[in-house]
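A quick write-up on the structure given underneath.
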């Protein structure tokens, strides 16, 4: 669950997620052979994060194959139009 100080500002929040395999690959480049980069840990962290965002009703954008410009456009649209949940 999100901390209260964030929940108070829920209308200002958006969540960015990434698919598990690319996340694991990025982490392996940073910290090879660590639990931090394992598929199991990445799957768990992505799942828990997505559940937390869903529970808090924060817009979620899956951004694995999306440019920063596209992400910025979707975030601005979400903030402007109150989009509840979408995939980028």
(request) Give the angle, between 0 and 90 degrees and rounded to the nearest 10, that separates the Cα long axis of helix 20-30 from the longest principal axis of the Cα atoms of the chain. (result) 60
(request) Mind pulling the angle between the C-alpha long axis of helix 68-81 and the longest principal axis of the chain? Nearest 10 degrees, somewhere in 0 to 90. (result) 30
(request) Taking the chain as the reference, fit the longest principal axis to its C-alpha atoms, fit the long axis of helix 39-56 to the helix C-alpha atoms, and give the angle between the two in degrees, 0 to 90, nearest 10. (result) 10
(message) Which order do the peptides 7-14, 41-48 come out in when sorted by mean C-beta neighbours inside 10 angstrom, highest first?
(response) 41-48, 7-14
(message) With N set to the number of residues, divide the alpha-carbon radius of gyration of segment 4-81 by 2.2 N^0.38 Å and report two decimals.
(response) 1.23
(message) With an 8 Å Cα cut-off and a minimum separation of 6 or more residues, compute the relative contact order for the chain in percent.
(response) 34
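No value in this document is a laboratory result; all are computed from the given coordinates. Remember, predicted model here, so these are calculated numbers, not experimental data. Glycine gets a Cβ as well: all are built from the backbone with ideal geometry, and neighbour counts include every protein chain shown.
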